[in-house]
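A short reminder: the numbers here are calculations on the coordinates, not readings from a lab. Since the structure is predicted, the reported quantities are computational estimates derived from the model, not experimental observations. So basically every Cβ, Gly included, is an ideal-geometry build from the backbone, and we count neighbours across all protein chains shown.
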Amino acid sequence: MTLPKIVASSVIRSLDRHDSHGGVYIVDLNNGTHEQVIDWNDPSFPWYRCAGDVGVRGVEFYGDLFYAVAGDRLLAFDKTWTLVAEYSNQYFEATHESWLHEDKLYICSDGKNAILVFDLIKKEWTTSICHPKDRAPFLFNPLVHDNEVLRFNGGFHHLDSVTVETNSLGEAICLYAGAFDGCISTMNMVTGKVGQIPLIIGMTHNARMFKDGIIYCKSVESEVRYEVDSEYVQTWKIPLPDPSTLTHVYMRDCWRLGYVRGMVSFPEDDMVVVGSSPAEVFALKLGEDGPIASVSITNDFRNSICGMCKYEW
C-alpha cells in the first residue's frame, strides 16, 4: 500500500521571540522524509498575535491556496508558501483545528466556545456555532456584534476537533468536540437541530466518526483509540522517543513527552495518521498493533504536532 503525503503543523511551548515558533511540514510517510515549508519565526508573520502555544494549528488546502490557523488569524499562503492574505473576526480567539467542507472552512475558536465558519469563495465569515456552558448550542452571525456570544468565556470545552458531514437531505452536519467533553456534539447548520454522540471516556483530541464507530487521540496516555457501539475495538500505543536524544528538556514547563494530537483519517484504507511530541508523525492501520510507518521531524522537546491534512499539491 502506498502511504500518503501529509501536511502537519506544529506549536512550540516557548515564547522566546528569537526561536522558531513552530511551522508547517510536508511529511512523506512512503519514503520517510519531511520538508519544512513555513517557519513561524519569519518576521513577516504576526506571531505575537497567537494565543497560548505559539505556532500553527488547523491547516487545509483549497484550490491554489493553503490556509493555516494561528492564534486570532486565518492565514492564506500561495504555492510558493508566501503569505498572501489574513483574516480575523471578533469571535476568533484561542483557535485550534479546522475542517474543509463544500467551500467553507470550519474552525475551532475555543476562546468563545465557538465553531466559526469562513466562506472561501466570498472570503467572509458566515453562520457559526456558539456552545456556551450554561445553555444549549445555537447558530449566530459572526459578522454582527453579539453581546450574548461575546460574554461567554472560552475553555469550557477546550474545543479542538471539528468535522462536517452531509446528510441525506444535503444539509451540513457539524460534529465537534473538546478535550474536556465526554461526547461529540452535533449541529445541523441549516435547521439548528443539536445532538450528542457519547464517548466511552472524555479528555480526547480529534474525536471523529470513523468507519462503524469513533476514533480519537488520548493525548496524555500517548494512545489512539477506536470504539464501536461503546466498546473498544482497537487501541494503538504511540512509541515514545529515548529522552536522552531530546533537546531543550531543561524547560520543564514545556514537558509533554508523547502528547498525541492531530489526525488525518483514511477510512477506505482502515488507516489514520496522527502526530506526537516532540514532532513525529505516525501511520496507524486497523489490525496492526503498532505504527506501520513513522517520520521524526525534530528532537526539540518543545515542538509538538497540532494540525494535519492530506497534502494536495
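A few comments on the model shown:
- Here region 71-127 and region 134-168 have alpha carbon centers that stand 14 Å from each other.
- Prolate is the label for region 199-261, because a/c, from the alpha-carbon gyration tensor with a ≥ b ≥ c as root eigenvalues, is 1.5 or above and a/b exceeds b/c.
- Distance distribution note for the chain: the fraction of Cα pairs above 28 angstrom is 35%.
- Exposure rule at most 13 other beta-carbon atoms within 10 Å, DSSP loop GluC sites (Glu not before Pro): the chain longest free segment: 172-287
- Under the simplified labelling scheme, the K122-D289 pair shows an inter-label distance of 5.4 nm, with each label point 7 Å from Cα along Cα→Cβ.
- Cα gyration tensor, region 124-197 - rounded (a/c under 1.5), prolate or oblate: oblate
- In plain terms, the chain from N31 to N153 could stretch by 39.5 nm, reckoned as 0.36 nm per residue minus the Cα-Cα distance.
- Fully extending the segment from L83 to E231, taken as 0.36 nm per residue of separation minus the present Cα-Cα distance, adds 48.8 nm.
- Calculation over all alpha carbon pairs of region 167-305 in 5 angstrom steps from 0 returns a P(r) of 2, 10, 18, 19, 17, 13, 9, 6, 3, 1, 0, 0 percent.
- Dividing the summed helix terms, -39500 (n - 2.57) for each DSSP H run of n ≥ 4, by the number of residues in the chain produces a 222 nm estimate of 0 deg cm²/dmol to the nearest 500.
- Under 5 Å between amide hydrogens, built in the peptide plane, is the criterion, and for V37 it picks out V24, Y25, I26 among residues at least 5 positions away or on other chains.
- Net length available on complete extension from N188 to S244 is 15.3 nm, with 0.36 nm assigned per residue and the Cα-Cα distance removed.
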